[in-house]
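Asks: Dropping a structure here in structure tokens format, bear with me for questions.
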Amino acid sequence: EKRVAVFDAVTGELRRSFAVAGSSPDGRNTILSPMGRWLAVASPSRRGVDIYDFATGELRYSLPDREGTVYWLAWHPKEPRLAIARDNGDIALWDLAKIDRQLTELGLGFALAPAEAEAAKDRPQTNQ
């Protein structure tokens with residue numbers, strides 16, 4: 001079982017931990033969003049990405065497997081958008097705000113943090 005552990009930077013005390021699936025042994029396919037809300041982890045197949053709520057450890061999204069192994073992940077500095085680079089040269093951009101709006105319309109969504117929702121409302125819609 002792979003776990004994410006959160007330690008106090010001053011005392012070194014373990015604050016909490018939660019289990020995650022997937023990722024690479026060197027951790028390069030695991031990244032925390034700049035606001036600290038989301039943790040993106042390459043899925044066990046290494047072809048998709050799982051996104052966890054970092055505060056609760058709850059799996060919120062499983063982005064689908066695609067052709068090519070996930071090579072690198074990067075968050076937008078201010079918006080809930082994730083870039084996924086693959087070993088075949090593909091790059092995908094995922095907009096969590098848009099995904100959440102679509103899920104909310106189906107009664108399956110959850111609330112983005114206020115800063116994320118504010119950043120997302122004034123920009124054009126994207127396909128992913």
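The values are calculated or read from the model by the stated rules, or taken from the named source; none is laboratory data. Nothing here was measured: the structure is a model prediction, and the numbers come from that model. In this analysis, Cβ positions are derived from the backbone assuming ideal geometry, glycine residues included, and neighbour counts consider all displayed protein chains. What goes into the accessible areas is simple: the full protein's heavy atoms, side chains included, and nothing from ligands, DNA or RNA. Shrake-Rupley method; radii C 1.70, N 1.55, O 1.52, S 1.80 Å.
Yes or no, residue by residue, for (1) farther than 27 Å from residue 17 by Cβ; (2) open to solvent by less than 60 Å² (accessible area, probe 1.4 Å); (3) not charged (D, E, K, R):
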site: 40; (1), (2), (3): no, yes, yes
site: 50; (1), (2), (3): no, yes, no
site: 56; (1), (2), (3): no, no, yes
site: 68; (1), (2), (3): yes, yes, yes
site: 78; (1), (2), (3): yes, no, no
site: 82; (1), (2), (3): no, yes, yes
site: 97; (1), (2), (3): yes, yes, yes
site: 102; (1), (2), (3): yes, no, yes
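Asks: Keeping to the stretch 79-128, report how many residues are more than 16 Å from the chain's Cα centre (by Cα) and at pLDDT 90 or above.
Replies: Final tally of qualifying residues: 4.
Asks: Looking at the stretch 60-87, I want the residues that are among the polar types (S, T, N, Q) and have a partner that is assigned to a strand (DSSP E or B) with Cβ atoms under 9 Å, at least 6 apart or on another chain. Which pairs are those?
Replies: Taking only residues 6 or more apart or on different chains, the pairs are 62/49; 62/50; 62/51; 69/42; 69/86.
Asks: Please give the number of the condition residue 35 fails out of (1) open to solvent by 90 Å² or more (accessible area, probe 1.4 Å); (2) without any contact (Cβ under 8 Å) to a residue 24 or more places away in the chain.
Replies: Looking at each condition in turn, residue 35 falls short on (2).
Asks: With (1) surrounded by 18 or more Cβ atoms within 10 Å (Cβ to Cβ); (2) within 11 Å of the chain's Cα centre (by Cα) as the list, and residue 46 as the residue in question, which single condition is left unmet?
Replies: Only one criterion is unmet by residue 46, namely (2).
Asks: Considering only the stretch 84-95, state which residues are within 17 Å of residue 42 (Cβ to Cβ) and open to solvent by less than 50 Å² (accessible area, probe 1.4 Å).
Replies: 84, 85, 86, 92, 94
Asks: Which ones in the stretch 54-78 are charged (D, E, K, R) and in contact with a strand residue (DSSP E or B) (Cβ under 8 Å, 6 or more places away or on another chain)?
Replies: Let us first name the residues in the stretch 54-78 that are charged (D, E, K, R), namely 58, 60, 65-67, 78.
Hits for the stretch 54-78 are 58, 60, 66, 67.
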